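Reviewing the structure listed below.
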Amino acid sequence: QWNVSDFHDSCDGKGPTLTVIRTSRGDVFGGFCNKSWSSSGGFKASKRAFLFALKCQRELPPTKMKLKSESDNCAVYHSRDYGPTFGLGHDISLGKNSFTHIGYSYECPTDQTDNCFLTGDYNFQLKEVEIFSVKGKKLRERGAADTESCCL
């Protein structure tokens, strides 16, 4: 069973991460943040953060969702009570009650008007999450060998 304290024990202070989420319905999505996670501090800025969908209820092709320009101060949220949480609203939040509501801080794909398009519902049942620590060269120069799993 995944829990918030395991996330913070394993991932706080580890640098940039890529979070990959799989729901009980088979949706696969997540987010990247170039800042270290922590157990406190509230909202953090990151101009390089983004969300992505690999498989979702709306059957979109793989999609990248950029941070809105006016939202870069609210890219991620840090709290001991939350797992990886992206955006002001929050756009994606993992915790006791995981949910998604894209559009607060990250751009929805242009053809999507439903903010819950990733999972079909606001809340989702988390089946699996893997959080990778991203190290080394600039992102565009990375290979798979430059990542390692830092969490469950």
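The values are calculated or read from the model by the stated rules, or taken from the named source; none is laboratory data. Note that the structure is a prediction, hence the values are computed from the model and not measured. Cβ sites come from the backbone with ideal geometry, for glycine too, and all protein chains shown count toward neighbours.
Key figures for this structure:
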quantity	calculated
Yes/no for residue 83 being at pLDDT below 95, surrounded by 16 or more Cβ atoms within 10 Å (Cβ to Cβ), farther than 11 Å from residue 45 by Cα and touching a Gly at 6+ places or on another chain (Cβ under 8 Å)	no
The stretch 76-100: number of residues that are outside any strand (DSSP E or B) and either free of Cβ contacts under 8 Å to residues at least 40 places away in the same chain or hydroxyl-bearing (Ser, Thr, Tyr) (or both)	7
Conditions (1) of a type outside the set (S, T, N, Q); (2) more than 15 Å from residue 23 (Cβ to Cβ); (3) in contact (Cβ under 8 Å) with a residue 24 or more places away in the chain; number of the one not met by residue 126	(2)
Single residue of the stretch 101-110 satisfying the filter (free of Cβ contacts under 8 Å to residues at least 40 places away in the same chain and at negative phi) that is farthest from the chain's Cα centre (by Cα)	110
Residue in the stretch 50-75 that is modelled with the lowest pLDDT, counting only those that are polar (S, T, N, Q) and not in a helix (DSSP H, G or I)	57
Any pair with Cβ under 9 angstrom, 6 or more apart, that starts in the stretch 27-49 at a residue that is over 17 Å from residue 13 (Cα atoms) and ends at one that is of a type in the set (Lys, Arg) and part of a strand (DSSP E or B)	27/55; 28/22; 28/55; 29/22; 29/55
